[in-house]
Every structure is written in structure tokens, then in C-alpha cells.
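Rule-based calculations on the coordinates, nothing more; no lab input. Computed from a predicted structure; not experimentally measured. Cβ atoms come from the backbone with ideal geometry, glycine included; neighbour counts cover every protein chain shown.
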Amino acid sequence: MTCESSLLDVASSSSREVGRPRAMPRGPFASSTGVGRAEPPWDALNRCEDVVVGRDDVYESWRADDDARAASPARVDAPPVMWEKGCSNLSDAYDVVVVGCGLSGAAIAERCSRALGMKVLILERRDHVGGNCYDYVDEKSDIRCSKYGAHLFHTKHQRVWEYVKKFSEWTPYEHRVRGRARASDGEMRLVPIPPTRETVNALFEDADVTNDAEMEAWYDAERIQPASGGAPANGEEAALARVGPRLYEAIFKHYTKKQWDKYPEELDASVLTRLPCRTTNDDRYFSDAWQALPRRGYTRIFENMLANDPNVTVRLECDYFEMKKSGKVPRHEILVYTGQIDSYYAAMGMPKLEYRSVVFEEEYVEDADEGYYQEAMVVNYPGPDVPYTRIVEYKHLPNQPEGRHEKPGTIIAREYSSATGEPYYPVPNPANRALYEKYAELAAKEENVAFVGRLASYKYFNMDEAILNALEMFDNLRERGVLDPKRAPKDF
Ligand code: UDP
């Protein structure tokens with residue numbers, strides 16, 4: 001397994017001044033290129049155009065409507081769409097009933113309606129659309145917050161990029177994370193995550209890496225290959241083969257234990273290889289070609305996908321299982337189920353699948369030093385000394401409401417991983433995979449029911465993968481008349 005080496009030769013030669021980490025700037029996390037951008041030349045690897053791209057029809061129609069603007073004169077953006085609640089007054093029949101209004105459900109609904117003219121009903125248990133992407137502008141602070149934690153859009157799939165541009169304007173953004181990690185001299189230091197040359201030099205007194213070749217040699221000297229001689233069999237072997245025991249201890253081991261309540265050796269190798277490790281000083285969290293944030297938030301994407309469409313009915317606070325029990329689900333040709341696959345088969349009495357949840361401890365900080373609590377939007381705490389995994393400060397993002405960066409006050413959210421609560425992450429290890437396969441066998445026998453998305457496929461999809469999976473399933477519906485995946489979730 002190799003690490004990412006320099007993507008641009010010019011970058012490796014121009015960043016020889018590695019040394020100890022520089023003091024972090026106050027204010028929104030910026031670079032010489034702007035808020036939320038990496039330093040050149042790394043920013044140039046983001047193929048999102050420099051200016052905002054994409055369309056926001058909800059915003060445009062609000063802006064063109066004098067009456068609507070007059071009704072909310074203080075606003076600079078359209079107010080959120082109000083969706084209907086409850087399951088009364090539904091039609092008797094729909095072509096498609098979609099359970100869950102997250103990315104997967106919304107993408108299938110949008111395509112079925114706009115490409116095939118199908119009549120779609122979406123039943124959402126929560127009181128909002130957007131699934132875990134849901135965000136809102138907090139009334140007290142005027143800061144755009146994500147209810148279910150930070151969401152950073154990135155994709156290498158041009159098809160997904162072209163698709164999402166139809167439902168939002170997008171602001172170029174490269175997510176960059178810092179971590180407070182313990183160095184070999186015992187001090188806590190703020191370092192780039194994923195690890196770069198700067199990370200290694202800051203954490204280890206004996207490291208003085210100044211170029212790609214030296215960094216590759218540093219990794220080589222640290223790495224421990226699996227005793228089996230084969231591919232890493234679990235997360236610990238994967239991390240040791242990539243970065244060796246010292247970085248593993250400082251950055252990966254305890255963070256992973258906190259996030260999953262399992263040590264890396266109890267998890268699939270894939271969990272630990274989500275994070276790149278670099279030989280350069282490219283401190284971007286993701287390497288994908290397109291990286292951007294929806295200019296007016298993620299919720300707006302769902303509004304543009306589903307609102308004002310006569311074919312699509314969205315109903316909030318509707319529990320599909322309750323409706324099914326009382327015979328209230330309207331007739332339909334196809335059911336698209338995006339919830340937990342084990343909940344769908346709860347009556348079978350099989351063991352439940354394991355999920356991780358996240359508890360957010362939010363705090364409004366009025367007197368933050370120069371308006372910011374911490375140095376970057378996300379600061380990870382990879383050590384065992386604090387119980388939370390990271391602290392998120394949304395104010396650093398460039399897609400905050402206009403003028404918000406200049407105002408005092410900020411919101412932070414400490415994230416604690418938890419076994420109970422809303423399911424966020426399927427837990428990827430052999431036992432859970434084997435159990436999922438049993439559920440998947442049942443699902444394969446269903447006629448006219450499609451299981452779509454992170455919870456129904458028990459797969460740690462990123463946002464773009466969830467969209468691509470939904471679009472590919474829709475391709476099959478159009479080509480063959482069935483909503484089947486084009487590839488197995490594990491192949492994403
Ligand atoms: N990880 C880590 N230390 C960090 C960041 C990530 O050990 O500082 C590991 C950890 O096992 C985590 C995985 O990398 O579960 C994937 O991290 P990612 O940031 O992709 O998780 P997400 O953003 O999806 O919560």
C-alpha cells in the first residue's frame with residue numbers, strides 16, 4: 001500500500017521550508033487564495049471553477065418575486081420551504097413511494113419525476129428533508145449549522161458534479177483539518193490531518209523531512225508490513241503498513257477507538273484507508289477533483305430537487321412502518337426504502353446490525369477571541385485524553401450568510417461517538433458484513449422493493465457515492481424497468 005506522493009512536482013520543490021508548524025491565523029480558515037482554500041498550488045487541483053457555479057432556482061424565483069421579498073425584507077435569501085406534515089389527504093395511488101428524504105431518496109424521486117414523469121410520494125419520519133445533510137441558519141447566531149455534523153462535498157465523478165450543479169450554486173472549498181496531537185517531546189501540537197511532512201516534523205523530534213523522497217524514506221523506515229506477507233487484514237495492519245507505529249499511536253489508534261468503540265484491529269482495513277497520508281505538504285483532507293460547498297446550504301439542494309414539482313409529494317413526520325401497520329400506505333408500483341435494512345425486517349427476529357451514532361455538544365461562544373473559537377473549521381482530538389473526537393466550528397466555512405464572518409460570537413460542536421441514537425455509520429467488520437449479507441438475501445427476494453443508500457445498503461457511502469448509486473439504479477429502471485444497483489455497494 002502506498003501513500004499519496006506529490007501530485008504536482010512544483011509543489012514538492014516549492015515547499016521546502018517545512019519545519020515546525022506555523023502559527024494558525026485567526027479568523028475564517030483561509031490561505032493566500034481565500035477563505036476555505038488550500039495554498040497554491042494545491043488549490044489548483046480543485047476543478048471547481050474559481051467563481052460560484054450551478055443554479056439555485058428557489059433563490060432566483062424568490063429574488064424575482066417582489067411580493068416574496070417584501071414579505072421578508074431583512075433577508076438576503078429565500079426563507080426555507082415549508083413542507084406538509086402528516087399523512088392525511090394523500091392520493092390513493094402513486095407510481096413510486098420513497099421511504100426517507102435523504103440524498104438517495106431525493107435523487108431517485110427527482111429522476112423518476114423529471115425524467116420519467118412518474119408520480120412520487122416521499123415519506124419522511126423526521127420533521128425536515130435532507131436526511132443527515134440537513135442544515136439551517138441558527139436564529140440566535142445567524143450561523144449556518146449542520147444538524148447532524150459537518151458535511152463536506154467532494155467527488156471524482158463528473159456525472160455527480162454535473163448533477164448537483166442543477167440544484168445549487170457551489171462555492172469552491174478545500175476542506176483542511178487540524179489535529180491536536182501529542183508530540184514525542186510530550187507537548188500537544190496543532191498539526192495537519194491527514195499527515196503531511198509538516199505533521200511528521202512537528203510530532204517527532206528526530207524528523208526533519210524536507211522533500212518527497214525524504215518523506216517516502218521516512219514512511220519506509222517506519223512501516224511494518226503484515227506478518228502474513230499478504231494484504232492488511234484489518235484496520236491496525238492497514239495503518240501500520242501505511243504510516244508505522246508512531247503516527248498510528250499519535251493520530252489513528254485512539255481516535256478510531258473513540259469513534260467506533262473498537263480498536264482498529266477489530267475493523268476492516270478500509271476504515272483506516274479512508275484518510276490519505278501524504279509525502280507532500282498538501283493539507284487538503286480530500287484529493288477529489290471537485291470540492292465545493294453549496295452556497296446556500298445543503299437543505300437548499302433538496303428544495304431545488306423536490307419543491308414546486310407537481311409530480312412529487314413530500315410528507316414529513318410520517319413513519320412508514322406505522323402507516324403500513326394501519327394500512328395507510330397508498331398503492332404503488334415501486335417502493336424505494338432508504339432506512340435501516342434491519343428495521344425493515346424487524347419482524348423476522350434476526351440480530352440487529354450495529355451502527356454508530358454521534359452526540360453533539362453545542363455551545364454558543366459569545367466572547368471568542370477575535371470572533372473564532374479555534375484555528376480551523378474542524379480540529380480533531382486524536383488522543384485518549386479527551387472523550388470527544390473533534391470540535392467543529394461552522395463559522396469558518398465560506399458558505400455562511402453574507403457578512404456573518406465579521407460578526408462576533410460563534411458556535412462550536414464537540415462530537416462524541418455513541419452506540420445509541422440516530423444511526424450514522426454502519427460498522428465495517430466481518431461480523432456485521434456477514435449479518436448484512438443475510439439481510440441482503442432477504443432483500444434480493446423482494447419484488448418491486450429497492451433498498452437504496454447508506455443505511456439500506458449498510459455501506460459507508462460518501463455523499464457523492466450515495467448520489468451516484470441512486471443515479472445508477474435509476475439508469476437500470478430506465479433501461480430494464482427495475483431499480484437495481486449497477487454495481488455492488490462494496491465496489492464503490
Ligand atoms: N481517523 C483517525 N484519526 C483522525 C481522523 C480519522 O484515526 O484524526 C480514522 C478513523 O478510523 C476514522 C477514519 O479515519 O474512522 C475515517 O475518518 P473520516 O474523517 O473519513 O470519518 P468521517 O468524516 O466519515 O466521520
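So which of K147/K325; K253/K445; K156/K352 end up more than 32 Å apart by C-alpha? Checking Cα-Cα distances, K253/K445; K156/K352 exceed 32 Å.
Relative contact order for region 199-277: what percent, with Cα pairs under 8 Å and sequence separation of 6 or more?
Numbers: 85 pairs, mean separation 22.0, N = 79.
About 28 percent, as a whole number.
Quick one: grab the alpha carbon gyration tensor of region 97-239, order the square roots of its eigenvalues as a ≥ b ≥ c, and give me rounded if a/c is under 1.5, else prolate or oblate depending on whether a/b is larger than b/c. Numbers along the way, then the final one.
On the way: a/c = 2.67, a/b = 1.96, b/c = 1.36.
Verdict is prolate for region 97-239.
Indicate the gyration tensor shape class of region 40-129 (rounded, prolate or oblate), computed on the Cα atoms with a ≥ b ≥ c the square roots of the eigenvalues: a/c under 1.5 is rounded; otherwise a/b larger than b/c is prolate and the rest oblate. Here region 40-129 falls in the oblate category. Measuring max minus min along each principal axis, the C-alpha atoms of region 199-277 give extents of 35, 29, 18 Å (largest first). Taking a straight Cα-Cα cut-off under 20 Å and skipping sequence neighbours fewer than 8 places away in the same chain, the aspartates and glutamates within cross-link reach of K324 are E84, D92, D95, E124, D127, E333, D342, E446, E447. How would you classify region 371-481 from its alpha-carbon gyration tensor, with a ≥ b ≥ c the square roots of the eigenvalues: rounded for a/c under 1.5, else prolate if a/b is greater than b/c, otherwise oblate? Cα axes put region 371-481 in the oblate bin. Here's the picture: charge each Lys and Arg Cβ at +1 and each Asp and Glu Cβ at -1 in the chain, and of V120, S326, C48 the one pushed furthest to the positive end of that dipole is S326. Highest-first packing order for the peptide set 395-402, 237-244, 204-211 is 237-244, 395-402, 204-211, based on the mean count of other beta carbon atoms within 10 Å.
Pair-distance distribution P(r) for the chain, from all Cα-Cα distances in 20 Å bins starting at 0: 22, 55, 22, 1 percent. Taking a straight line from the alpha carbon of K257, these lysines sit under 20 Å away, with near neighbours fewer than eight places off in the same chain left out: K459.
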